[in-house]
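Visitor: Next up is a structure, given as structure tokens.
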Amino acid sequence: MPTVKGGDQVRSFLTQLPAELEDKVLRGAARAAARVVADEAKARCVSTDVSAAIKVRSRLETARAVGLVQVDMGGYNLPLWLEYGTEGHFISVSDVDRHGMSVRKVNEATKAGSLVIGGKFVGETVWHPGASPRPFLRPALDTQESEAIAAAQAYINRHVTPGGIVGGEDAGDDE
């Protein structure tokens with residue numbers, strides 16, 4: 001009867017394989033794909049401030065790794081305004097922000113009131129005609145989908161070798 005050696009080691013390796021793949025490979029592959037999209041979004045963006053705020057993140061969810069391309073400007077809505085544009089609208093100083101002052105006094109007190117344009121007071125309200133959309137995120141995903149998948153596959157191919165799983169250096173670090 002044949003004797004098999006190393007069965008315990010093989011079983012141990014196979015039980016640890018899914019967790020090791022998730023930790024060392026899949027998250028890094030998701031980041032590699034997201035970087036391709038992020039680079040294209042940065043190239044398409046018309047604002048250097050927004051472009052500089054484009055970041056890549058990744059996370060592990062149940063049975064999948066997720067790569068995220070995010071624009072983090074601390075609550076400032078410029079990325080949304082660029083992506084989707086804005087409708088025409090009136091701009092005025094909110095009653096809450098006035099603290100009993102006239103719009104002119106608010107502008108004089110803060111030197112940053114929304115109704116001083118070009119150093120000149122323009123009145124209590126001003127009409128903003130809106131802005132055309134200048135999309136950069138969705139077109140980046142649409143045009144780079146195949147390249148992103150190829151980048152993820154290349155990452156997996158580099159890190160899953162016949163000799164075992166080679167840990168990715170950047171699998172856990174976010175930009």
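Each value in this text was obtained by applying a stated rule to the coordinates, not by laboratory testing. Computed from a predicted structure; not experimentally measured. Cβ atoms come from the backbone with ideal geometry, glycine included; neighbour counts cover every protein chain shown.
Visitor: Between Leu141 and Glu87, what length in nm is gained on full extension when 0.36 nm per residue of separation is reduced by their alpha carbon distance?
Guide: Here the segment from Leu141 to Glu87 would lengthen by 16.9 nm.
Visitor: Starting from the 7 Å offset along Cα-to-Cβ, what nm value, one decimal, do you get for the label separation of Thr161 and Asp72?
Guide: Using points 7 Å along Cα→Cβ, the separation is 3.3 nm.
Visitor: While we're looking at this one, here's another question. How would you rank Lys5, Lys55, going from fewest to most other Cβ atoms within 10 Å of each one's own Cβ? Don't skip to the answer; put the middle values down first.
Guide: Details: Lys5 7, Lys55 14.
Neighbour counts put them in this order, fewest first: Lys5, Lys55.
Visitor: Once fully extended, how much extra length lies between Lys5 and Ser132, figured as 0.36 nm per residue of separation less the alpha-carbon to alpha-carbon distance?
Guide: Extra length from Lys5 to Ser132 when fully extended: 38.8 nm.
Visitor: Quick one: order Ile54, Ile149 by neighbouring beta-carbon count within 10 Å, fewest to most.
Guide: Sorted ascending by nearby Cβ count, the order is Ile149, Ile54.
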